[in-house]
Amino acid sequence: MGPEAPPPRALVRFAPDARVADIMALLDNYQASIIDGAKGGLFRLQFANRAMGRDEFAGLMRKLQDEKIVSLAVDAQ
């Protein structure tokens with residue numbers, strides 16, 4: 001049995017008008033945590049505490065990109 005895959009990660013830039021309460025609600029909704037701070041305005045997020053399949057993660061990224069407070073979301077695997 002090989003090493004367990006890490007939980008998925010993404011780089012996210014929030015919209016300039018995003019409120020802290022909205023960001024916290026988004027993190028809670030996606031079971032995400034900020035694991036690295038705003039370098040160039042990008043935050044590194046980790047989702048859940050388990051690995052996800054490629055299709056599941058692609059679906060999560062599409063949903064995240066559609067959030068009105070998210071201006072950019074890219075895979076950071």
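Exactly one of these conditions fails for ASP17: (1) acidic (Asp, Glu); (2) assigned to a helix (DSSP H, G or I); (3) over 18 Å from VAL74 (Cβ atoms). Give me its number.
Evaluating ASP17 over (1) acidic (Asp, Glu); (2) assigned to a helix (DSSP H, G or I); (3) over 18 Å from VAL74 (Cβ atoms) leaves (2) as the failure.
Of all residues in segment 25-46, which are in contact with a Phe, Trp or Tyr (Cβ under 9 Å, 6 or more places away or on another chain), within 12 Å of VAL12 (Cα to Cα) and surrounded by 13 or more Cβ atoms within 10 Å (Cβ to Cβ)?
Within segment 25-46, LEU26, ALA32, SER33, ILE34, ASP36, PHE43, LEU45 meet the criteria.
Can you tell me which of (1) buried (at least 16 other Cβ atoms within 10 Å of the Cβ); (2) at pLDDT 95 or above is the one PRO8 doesn't meet?
All conditions are met except number (2).
Contact list please: Cβ distance under 8 Å, first residue in segment 46-72 and part of a strand (DSSP E or B), second residue charged (D, E, K, R), pairs at least six apart or on different chains.
Going by the 8 Å Cβ cut-off, the qualifying pairs are GLN46/ARG9; PHE47/ARG9; VAL70/ARG13; SER71/ARG13; LEU72/ARG13.
Using beta carbons and a limit of 9 Å, which pairs, at least six apart or on different chains, have the first residue in segment 20-40 and under 17 Å from ALA51 (Cα atoms) and in a helix (DSSP H, G or I) and the second one open to solvent by 70 Å² or more (accessible area, probe 1.4 Å) and among the β-branched types (Val, Ile, Thr)?
none
The values are calculated or read from the model by the stated rules, or taken from the named source; none is laboratory data. This is a predicted model, so every value here is computed, not measured. Glycine also receives a Cβ, built like all others from the backbone with ideal geometry; neighbour counts cover every protein chain displayed. Ligands, DNA and RNA are stripped out before the accessible areas are found, and what is left, the full protein with its side chains, is counted by its heavy atoms. Shrake-Rupley method; radii C 1.70, N 1.55, O 1.52, S 1.80 Å.
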